[in-house]
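Participant: Once you've had a glance at the structure underneath, I'll fire off some questions.
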Amino acid sequence: MSGGGNKKKPTKIQGWEEAGSEFYQESYPTDAEFDAFQRDPNPKHLATLLPSKQTRAAATIRIRTNDTRTIRRQTSSRSRRESTVHRGTATTADVQVSMLPDLSENLSNEQTTWEEIMQIKSMPVPMSQKKEMKAKILNEPNLRLQGYEQLNWKRRKIWRHFVTQLKEFNAKLELWKGDLKRIEGHFGTGVVAYFLFLKYLQFLNLFMFFIIFVFIALPTILLVDPSDCGSQNITVGDIIQGTGFMECSLFFYGYYPNSTFTYEVDSTVMFYDLPLAYVCVTIIYFGVSLISIVKAAAYGFKERLIEGEGQFYQYCNLIFGGWDFCIHNDKSAAIKHRAIFNEIKACLEIERLKEMKLNRTKNEKTTLIIIRIIVHILVLGILAASGCAIYYVFQFSIEKDSEDYFKSLVYEFLPSVTIVCLNVLVPFLLKYLITFEKYNPTFVIRMTLARTVLLRLASIFTLYASLAIGVIGKQPCWETFVGQQIYKLVLTDFAVHLVLTFFVNFPRALLARHIKNNFIKLIGEQSFDLPKHVLDVVYLQTLCWLGCFYAPLLSLISTVIFIFMFQIKKFACLVNSNPSSTIYRASRSNSMFMIVLLVSFLCAVVPIAYSFSEVQPSSACGPFQDLHSVWYRVEVTFSSAPVELTNAISFLTTAGFAVPVFLVLFLLLYYFRAVNSANRQMVVVLKNQLVLEGHDKQFLLERLSKFIKQQQEYQKRLRPVDVLHDGDTNISSN
């Protein structure tokens, strides 16, 4: 007991070599055993000499011996029990060794054979080789499943075949398949993940439009008399500003009535509560969006977690596994070479910065901290100044009222133009300021992205706050006015993308491509900056979420805009830009996209939830006029529901329901935590098994080398004897 404090605790297994050294002590067979094998060269005997077999057999013998000794020592003294306890660690390790799966004795069954054949189908080898491999697998002996296992396997086989056929059919109908292949061939999987993300947002908006149209717009078309609004002339200015005839259309909130429609179906009176449907549809598309984003983010996080396990071998991964085999363009291949070189260079730069960070003096640390504090203050000042500029420009546009049509149009679009200009110009200033903070390259990208996201979200919040201060309660139908402002902001942002892509960046790219001048090359060459383009589409999606309650058909406008945005971004990628020197992997890109989208989603939900519960709707228009709040309509409907339904829903909010649910969730959490721990332990065991298999290969190679050397020495010994025999023969013949 006295020496227990000096013993070192075994370190945790972190790598393959460490696992092997701690788990397995080499026990190669002796030369006597190997000589016995040479006298009887049976492969079965050779298998018994492998290090893994020796270790497993020795562990099994030790387990049996320890069991026998334990039975005999039941009446032993306390000191002997303590010695048995000290041997517990070794016994546990031996048990772990004995329970390792013996990979050399596994026998396939019908299910594993079928799975191997399915894997052969996806292998990039000639068809003749696939047939040979399939025939070899089918000729091997395998176990036949019985009973429920066979039924379960056949069910899985049928379901997998159905899923495969469905995926093939879906691949044939894939939208923009040729464009995605072309982008992937020039820029790799990381950039094409951005266009897949853009397509995902397009279908999300299409789903939002579908449920809004079916449950809100279509009942209004069928059950509301359109003559109530009168007839107005259609002008281009009204289409751009969302005024005139558009105010009295399905596009904006104010058109929808506050009534419960009555209609007959086969002499049966039916009721349709439009205000309740308005609230329910809003909750549904926000809920579906959240579930979809969280599911995609979790999948991307899992991929990043799996990918992150190999960071210990990051240089090997970059050199031997960093190539993107989807690239088939020579210029893109050369750029990919340079990108891999730059990433290795960036990794070395990170190591250099870490070493510099460790070697910094106190004065250098103090100076760097002061510089970073100053930069953070400047960034906060820039964000605050941007917010103040948006607020005052918005107030100025509201107060100014001109009879001139063009001046009034300028005043109407002045807040939107200001927001878009700030979103375009301020990121360049933020990108310049971060160079003084001396972060590593990876953290620079994350910090720049976080600050740009904060800028764009701050501009949206400032606009919403300006609308809340200057419009709510002061406009007869303030919801329609808010919808008009968001509608104009969406159109302005889309117009800016068109102008920048085709009339600014395209001429720059032409000049850089055809004029050999360093200055022209400096201002004209462009790289496809993935974080910037991601923020562009995420910003549009945030405006769509924020404006769909006030302008229900904004989801249709957003769907059309995303269709055009795909073509605009494709032009910017293939024509205007060169591949970026930063390597974007698909798993990292998807994770980054979804995290940014999730943050934007939460920032869009907060104002809508606040307006639902706290803000009083306008009394002049809309489905919630003359109510205390939007949510009050749900409360009134709930109070008039049947007593059984009311009691059931009320029970869900009581402690009698919450406590059992909490206990069940706690037990499920404990169960999944235990399963996770067991899976981690199994991963360690399998890694150790691979280490043992590696020792087996090393043993066989060493024995093969030794056998070859023995054969060579034996041949050398035979040569003088043969020469001597030849000489004796010649002498006797003479």
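Participant: Restricting the first residue to segment 441-469 and requiring it to be on the phi < 0 side of the Ramachandran plot and open to solvent by 40 Å² or more (accessible area, probe 1.4 Å), which pairs with a second residue that is among the aliphatic types (A, V, I, L, M) and not in a helix (DSSP H, G or I) meet a Cβ separation below 8 Å and a spacing of at least six or different chains?
Facilitator: 468/615
Participant: In addition: Out of the residues in segment 347-364 that are of a type in the set (D, E, K, R) and part of a helix (DSSP H, G or I), state the one that is least open to solvent (accessible area, probe 1.4 Å). Explain how you work it out, then say what you get.
Facilitator: Within segment 347-364, the first condition is being of a type in the set (D, E, K, R), and the residues that meet it are 349, 351-352, 354-355, 357, 360, 362, 364.
Keeping just the survivors that are part of a helix (DSSP H, G or I) gives 349, 351-352, 354-355, 357, 362, 364.
On the way: 349: 61, 351: 82, 352: 108, 354: 116, 355: 114, 357: 129, 362: 169, 364: 97 Å².
Checking each candidate, the answer is 349.
Participant: Which of the residues that make up segment 260-302 are farther than 16 Å from residue 604 by Cα, part of a helix (DSSP H, G or I) and free of Cβ contacts under 8 Å to residues at least 12 places away in the same chain?
Facilitator: 295, 298, 302 - these are the residues of segment 260-302 that are farther than 16 Å from residue 604 by Cα, part of a helix (DSSP H, G or I) and free of Cβ contacts under 8 Å to residues at least 12 places away in the same chain.
Participant: Give me the pairs: first residue in segment 150-172 and within 19 Å of residue 196 (Cβ to Cβ), second residue open to solvent by less than 100 Å² (accessible area, probe 1.4 Å) and part of a helix (DSSP H, G or I), beta-carbon distance under 8 Å, and six or more apart or on different chains, which are they?
Facilitator: What qualifies is 171/177.
Participant: Condition first: at pLDDT below 80 and surrounded by fewer than 20 Cβ atoms within 10 Å (Cβ to Cβ). Now tell me which residues in segment 587-619 satisfy that.
Facilitator: Result: 588, single match.
Let's see how each residue does on (1) more than 20 Å from residue 540 (Cβ to Cβ); (2) among the basic types (Lys, Arg); (3) not in a helix (DSSP H, G or I):
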site: 424; (1), (2), (3): no, no, no
site: 438; (1), (2), (3): yes, yes, yes
site: 443; (1), (2), (3): yes, no, no
site: 465; (1), (2), (3): yes, no, no
site: 479; (1), (2), (3): yes, no, no
site: 502; (1), (2), (3): no, no, no
site: 513; (1), (2), (3): yes, yes, no
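Let's see how each residue does on (1) surrounded by 13 or more Cβ atoms within 10 Å (Cβ to Cβ); (2) closer than 21 Å to residue 621 by Cα; (3) at pLDDT 80 or above:
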residue	(1), (2), (3)
172	no, no, no
189	yes, no, no
208	yes, no, yes
228	no, yes, no
243	yes, yes, yes
246	yes, yes, yes
263	no, no, no
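Participant: The conditions are (1) in a helix (DSSP H, G or I); (2) farther than 30 Å from residue 254 by Cβ; (3) open to solvent by 70 Å² or more (accessible area, probe 1.4 Å), and residue 631 fails exactly one of them. Which is it?
Facilitator: (2)
Participant: Within segment 524-540, how many residues are open to solvent by less than 60 Å² (accessible area, probe 1.4 Å) and part of a helix (DSSP H, G or I)? Outline the logic, then answer.
Facilitator: From segment 524-540, those open to solvent by less than 60 Å² (accessible area, probe 1.4 Å) are 524, 526, 528-531, 533-540; that's our starting set.
Pick out the ones that are also part of a helix (DSSP H, G or I) and you get 524, 530-531, 533-540.
Qualifying residue count, segment 524-540: 11.
Conditions (1) at pLDDT 80 or above; (2) open to solvent by 90 Å² or more (accessible area, probe 1.4 Å); (3) farther than 28 Å from residue 118 by Cβ, marked per residue:
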residue: 146; (1), (2), (3): no, yes, no
residue: 153; (1), (2), (3): no, no, no
residue: 158; (1), (2), (3): yes, yes, no
residue: 168; (1), (2), (3): no, yes, no
residue: 181; (1), (2), (3): no, yes, no
residue: 193; (1), (2), (3): yes, no, no
residue: 199; (1), (2), (3): yes, no, yes
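Participant: Say whether the condition of being of a type outside the set (A, V, I, L, M, F, W, C) and either at pLDDT below 80 or buried (at least 17 other Cβ atoms within 10 Å of the Cβ) (or both) is met by at least one residue in segment 365-382.
Facilitator: In the first step, residues of segment 365-382 are kept if they are of a type outside the set (A, V, I, L, M, F, W, C); the result is 365-367, 372, 376, 381.
Next cut, either at pLDDT below 80 or buried (at least 17 other Cβ atoms within 10 Å of the Cβ) (or both) only: none.
No, segment 365-382 contains no residue that is of a type outside the set (A, V, I, L, M, F, W, C) and either at pLDDT below 80 or buried (at least 17 other Cβ atoms within 10 Å of the Cβ) (or both).
Participant: Quick test for you: out of 521, 488, pick the one residue that is of a type in the set (Lys, Arg), open to solvent by 20 Å² or more (accessible area, probe 1.4 Å), assigned to a helix (DSSP H, G or I) and more than 30 Å from residue 354 (Cβ to Cβ).
Facilitator: On the way: 488 fails: open to solvent by 20 Å² or more (accessible area, probe 1.4 Å).
Of 521, 488, the one residue that is of a type in the set (Lys, Arg), open to solvent by 20 Å² or more (accessible area, probe 1.4 Å), assigned to a helix (DSSP H, G or I) and more than 30 Å from residue 354 (Cβ to Cβ) is 521.
The values are calculated or read from the model by the stated rules, or taken from the named source; none is laboratory data. The structure displayed is predicted, hence computed values, not measured ones. All Cβ positions, even for glycine, are placed from backbone atoms using ideal geometry, and neighbour counts span all protein chains on display. Each accessible area value is taken on the protein alone, full model and side chains, heavy atoms only, with ligands, DNA and RNA left out. Shrake-Rupley method; radii C 1.70, N 1.55, O 1.52, S 1.80 Å.
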